[in-house]
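Pasting a structure below so you can have a look.
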Amino acid sequence: MKKNNNMSVYLDYNATSPMRDAVKKTLVSIIDSPANASSIHSHGRLAKKLLDEARLDISELVNCNPDEIIFTSGGTESNTTILKSHTKALVSSIEHDAVLKSANNPNYIKVGKNGQVDLNDLEEKIKIYNPDIVSVMWANNETGVIQPINEVVAIAKKYDTHTHCDAVQAIGKIPINFHNSGLDSMSISSHKIGGPSGVGALIIDKNSKFIPLIIGGGQEKGRRSGTENFIGILGFSCAAKEVKKELKNYQENYLKRKAFEEKLLNNNPKSKIICFNEDRLPNTTAIYNPVMPSETQVIKLDLMGFSVSAGSACSSGKINKSHVLKSMGLDWASNNTIRISYGWQNNNNDLDRFVDAYKKFV
Ligand code: PLP
């Protein structure tokens, strides 16, 4: 594929993120070696050793045991695996489709205007429906709102319900601690932290039972068959090590976001930042514009050299009304909101240029 040389500023990190230089170097260094970790010869043994090291590096990013990590093809497969192996799901209404569409016999937890799950509704619905899995994401991909995961776990545990969390958007942006959270399982994905796409992990407590989605060769201790995506996993672990270093200073990103959002609002008093005062990811700004549909905004900004996205673009590229904003009772915003999500390759200049462009087209 041709490189995008047109100087467009990439502000869509929540969709996917650019591959990190350290990851590219790692991939180049291993690309030539045949590596099937199930082989018993020296190449196979080396592959196994490197996979074990990768498992350790990733476990250190999210504080779990290495053997709680099951490598998958990404967040979608991880969510599908755990949801499909339960029979009655209670999920938040703002989950990613990877959860919503895999949930068996689903019921939905209400979400307030503040973008967070309603904890009373969660408890009421556990009592009424007696689900065998509760699934609430760590942070929402469209609004960036961080969910009260500790409280969700505390409630679900009272009823002994498996508690799963889609942490795909949160990982790398804020510290995540699987063991301290008390969760039973969690999904993460490599391409959101600067690793390759097509690889991720389901992290699952050793006492939790589930039915593997892919069976056959018995890899991943029988929990996910198929020869491991060696190159992808090593790229993922390299990205995890890089992101772990960056997380030491993650609070600084809140200051950058604050300055960016203040400038946006000062220039455009009629625009609104969704969940402005709530606890959100430090890289995510969802902004509503009263006059222009999100699709038009995305296209105009693209022509001006900025890659951003509307709330929910499906794989066909069509932009749908945001189910997240609708579920939050913000129907008025669901057709006119765009998401700007930034990351390690952006500097303040990129954000300032965006502020100018947004002012012009609005
Ligand atoms: N969950 C959330 C919250 C996401 O934002 C995404 C991707 O956009 C996924 C799951 C799917 O992850 P993957 O692309 O690794 O399958």
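Considering region 258-270 alone, what residues qualify as being surrounded by 16 or more Cβ atoms within 10 Å (Cβ to Cβ), in contact (Cβ under 8 Å) with a residue 40 or more places away in the chain and part of a helix (DSSP H, G or I)?
F260, K263, L264
Could you pull out the residue among K127, K113 that is part of a loop (DSSP other than H, G, I, E, B) and open to solvent by 60 Å² or more (accessible area, probe 1.4 Å)?
Testing whether each residue is part of a loop (DSSP other than H, G, I, E, B) and open to solvent by 60 Å² or more (accessible area, probe 1.4 Å) leaves just K113.
Can you tell me which of A170, A156 is more than 16 Å from the ligand (Cβ to nearest atom), open to solvent by less than 30 Å² (accessible area, probe 1.4 Å) and farther than 15 Å from A98 by Cα?
After applying the criteria, what remains is A156.
For the condition hydrophobic (A, V, I, L, M, F, W, C), in a loop (DSSP other than H, G, I, E, B), within 16 Å of the ligand (Cβ to nearest atom) and open to solvent by 30 Å² or more (accessible area, probe 1.4 Å), what is the one hit in I214, I193, I176?
Numbers: I193 fails: open to solvent by 30 Å² or more (accessible area, probe 1.4 Å); I176 fails: open to solvent by 30 Å² or more (accessible area, probe 1.4 Å).
Only one candidate passes the filter, namely I214.
Got a number for residues in region 135-153 being more than 16 Å from the ligand (Cβ to nearest atom) and over 22 Å from N65 (Cβ atoms)?
The total comes to 2.
Now a separate question. On the given criteria, is R223 open to solvent by less than 40 Å² (accessible area, probe 1.4 Å), basic (K, R) and touching a Phe, Trp or Tyr at 6+ places or on another chain (Cβ under 9 Å)?
no
Restricting to region 111-128, count the residues that are within 16 Å of the ligand (Cβ to nearest atom) and either out of contact with any helix residue (DSSP H, G or I) (no Cβ under 6 Å at 6 or more places or on another chain) or at pLDDT below 95 (or both). First the steps, then the outcome.
The initial filter retains those residues of region 111-128 that are within 16 Å of the ligand (Cβ to nearest atom), namely 111, 115-117.
Remaining after also requiring either out of contact with any helix residue (DSSP H, G or I) (no Cβ under 6 Å at 6 or more places or on another chain) or at pLDDT below 95 (or both): 115-117.
Number satisfying all stated conditions: 3.
Could you tell me which residue of region 132-146 is nearest to K326 (Cα to Cα), considering only residues that are open to solvent by 10 Å² or more (accessible area, probe 1.4 Å) and without any contact (Cβ under 8 Å) to a residue 60 or more places away in the chain?
In this case the residue turns out to be W138.
In region 74-110, which residues are within 12 Å of the ligand (Cβ to nearest atom), farther than 24 Å from I273 by Cα and surrounded by fewer than 19 Cβ atoms within 10 Å (Cβ to Cβ)?
K101
The values are calculated or read from the model by the stated rules, or taken from the named source; none is laboratory data. Please read these numbers as outputs of a predicted model, since none were measured by experiment. Neighbour counts run over all protein chains shown; Cβ positions are idealised from the backbone, glycine included. Just the protein is used for accessible areas: all its heavy atoms, side chains included, with ligands, DNA and RNA removed. Shrake-Rupley method; radii C 1.70, N 1.55, O 1.52, S 1.80 Å.
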